[in-house]
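> Below is one structure. I have some questions about it.
The values are calculated or read from the model by the stated rules, or taken from the named source; none is laboratory data. All figures in this text were calculated on a predicted structure; none of them were measured in a lab. All Cβ positions, glycine included, derive from the backbone under ideal geometry; neighbour counts span all protein chains shown.
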Amino acid sequence: MPLNAATQAARLSIAPMMDWTDRHCRFFHRLMSRRSLLYTEMVTAPALVRGGARHLLRFDAAEHPVALQLGGSDPAELAEAARMGANEGYDEINLNCGCPSDRVQSGTFGAVLMRTPDLVAECCDAMIAAQPAEVTVKCRIGVDDQDPEEVLPDFLEKIRAAGVKRITIHARKAWLQGLSPKENRDIPPLDHDLVHRMKAKFPDLHISVNGGIASLAEARTHLDRGLDGVMIGRAAYHNPADILLDADRALFGGAPGPDRLEVVEAMRPYIAAHLSEGGKLAQVTRHMLGLFAGRPGARQWRRVLSEQGHREGAGLDVLDRALEAMDRAAA
Ligand SMILES: Cc1cc2nc3c(=O)[nH]c(=O)nc-3n(C[C@H](O)[C@H](O)[C@H](O)COP(=O)(O)O)c2cc1C
């Protein structure tokens with residue numbers, strides 16, 4: 001059976017990141033790589049189902065293939081949220097089992113679900129039955145004092161039995177007590193080899209590794225060693241050009257991406273449309289600060305955009321000034 005578009009694209013995915021991978025960020029990333037898979041920020045099922053927050057599902061058609069990440073732990077509510085996502089046209093619905101957030105008012109979600117694989121399987125089952133888009137899971141290797149060698153295979157076994165075929169593993173534990181979410185992305189040690197061992201144990205599952213991968217060369221190494229996909233988060237956000245511009249050529253055998261200046265030009269009509277709807281410049285350009293990272297004048301580009309992008313009435317001329325400042329510094 002031919003792979004669906006999201007599965008093909010999952011050879012390289014850009015991680016779900018709250019407050020970062022919003023629709024503007026994803027549109028910008030998509031200009032640089034047509035082939036990779038983009039994830040939304042986590043949207044909680046209660047916000048969609050009980051809060052009626054449909055606006056959180058908005059995306060641009062250019063973003064495909066794009067996956068909606070859901071947070072939640074109530075099977076019926078997740079099923080309803082998944083249905084809403086599929087109706088909106090998302091290519092994949094992903095369940096978050098990796099965020100180190102505590103129990104919140106709206107229920108349990110994220111990494112704490114590593115403790116309840118039967119419940120996760122029930123959630124996946126309900127989401128799969130409710131709608132046609134593929135249901136995937138993003139998880140950790142364990143939480144707190146769990147032994148990953150024991151709990152991870154059990155977790156994978158159970159969600160596979162529920163019908164999940166594709167999974168992304170953030171290759172470190174989450175420590176649910178005493179670490180902030182940010183610390184939980186850096187302090188618990190990475191164990192990429194464990195993810196490779198899971199692929200050997202579950203060859204029929206499509207498995208992507210996530211955590212600390214900082215270049216396409218590193219991504220390539222994981223793929224060459226037999227993993228199906230690599231997910232990159234922070235490196236892609238902070239240095240989007242280095243990760244995304246060459247991704248289609250290097251990892252998908254496709255055409256190379258545009259150059260950085262072409263990306264800026266291609267953002268102009270998108271930004272103009274956003275401004276004409278009453279949106280603010282910085283809502284889009286804040287995601288573009290790293291576009292020239294490592295290039296002469298990168299600091300000036302970043303400075304002009306961040307200082308002037310927030311001003312009342314800021315328009316596309318801020319982009320011109322940022323480019324001019326960069327050119328002057330580079331000359
Ligand atoms: C600002 C920020 C927000 C994040 N929000 C989410 C989220 O909503 N859902 C999720 O599953 N992971 C979230 N993560 C974790 C990332 O998806 C990823 O697993 C983590 O950053 C490790 O990958 P990296 O080392 O390539 O960044 C977030 C990470 C960052 C930096």
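> Can you say whether residue 19 is surrounded by fewer than 19 Cβ atoms within 10 Å (Cβ to Cβ), within 12 Å of the ligand (Cβ to nearest atom) and in the same structural domain as residue 116 (by TED's automatic domain parsing), as far as the supplied structure shows?
Answer is yes for this residue.
> Kindly establish whether residue 204 is within 15 Å of the ligand (Cβ to nearest atom), at pLDDT 95 or above and of a type in the set (Asp, Glu).
Here the answer is no, as residue 204 does not meet what is asked.
> What pairs come out if I take residues in segment 205-218 that are farther than 15 Å from residue 240 by Cα and touching a residue at least 12 places away in the same chain (Cβ under 8 Å) and pair them with residues that are hydroxyl-bearing (Ser, Thr, Tyr) and away from the ligand (no atom under 11 Å from the Cβ) whose C-beta lies under 8 Å away, six or more apart or interchain?
As it stands, the answer is 206/7, since those pairs meet every condition given.
> While we're here: Among the residues of segment 147-185, count how many are at pLDDT below 95 and in a loop (DSSP other than H, G, I, E, B).
Within segment 147-185, residues that are at pLDDT below 95 and in a loop (DSSP other than H, G, I, E, B) number 8.
> May I ask you to verify whether residue 122 is free of Cβ contacts under 8 Å to residues at least 12 places away in the same chain, of a type outside the set (Lys, Arg) and not in a loop (DSSP other than H, G, I, E, B)?
In short, no.
> Being in contact with a Lys or Arg (Cβ under 8 Å, 6 or more places away or on another chain), charged (D, E, K, R), more than 15 Å from the ligand (Cβ to nearest atom) and not assigned by TED's automatic domain parsing to the domain that holds residue 286: is that true of residue 224 here?
no
> I would also like to ask the following. Would a scan of segment 127-135 turn up a residue that is part of a strand (DSSP E or B), touching a residue at least 40 places away in the same chain (Cβ under 8 Å) and closer than 21 Å to residue 231 by Cβ?
Checked segment 127-135: at least one residue is part of a strand (DSSP E or B), touching a residue at least 40 places away in the same chain (Cβ under 8 Å) and closer than 21 Å to residue 231 by Cβ.
So that you can scan it fast, the table gives a plain yes or no per residue for (1) acidic (Asp, Glu); (2) in contact with a Phe, Trp or Tyr (Cβ under 9 Å, 6 or more places away or on another chain):
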{"site": "138", "(1), (2)": "no, yes"}
{"site": "150", "(1), (2)": "yes, no"}
{"site": "157", "(1), (2)": "yes, yes"}
{"site": "171", "(1), (2)": "no, no"}
{"site": "177", "(1), (2)": "no, no"}
{"site": "181", "(1), (2)": "no, no"}
{"site": "188", "(1), (2)": "no, yes"}
{"site": "195", "(1), (2)": "no, no"}
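> Every residue in segment 26-38 that is closer than 15 Å to residue 69 by Cβ and buried (at least 24 other Cβ atoms within 10 Å of the Cβ), please.
37, 38
> Taking segment 227-237 only, how many residues are more than 11 Å from the ligand (Cβ to nearest atom) and assigned to a loop (DSSP other than H, G, I, E, B)?
Matching residues across segment 227-237 total 2.
> Kindly indicate whether residue 270 is over 21 Å from residue 216 (Cα atoms), aromatic (Phe, Trp, Tyr) and not in a loop (DSSP other than H, G, I, E, B).
Yes: the conditions hold for residue 270.
> Could we say that residue 191 is of a type in the set (Asp, Glu), in the same structural domain as residue 111 (by TED's automatic domain parsing) and within 15 Å of the ligand (Cβ to nearest atom) here?
Yes; evaluated as a whole, the condition is true for this residue.
> For the list (1) within 16 Å of the ligand (Cβ to nearest atom); (2) within 26 Å of residue 146 (Cβ to Cβ); (3) without any contact (Cβ under 8 Å) to a residue 60 or more places away in the chain; (4) of a type outside the set (S, T, N, Q), I need the number of the one condition that residue 181 fails.
(3)
> A further question follows. Out of curiosity, is residue 249 surrounded by 13 or more Cβ atoms within 10 Å (Cβ to Cβ), within 25 Å of residue 207 (Cα to Cα) and basic (Lys, Arg)?
Taking the combined requirement at face value, the residue satisfies it.
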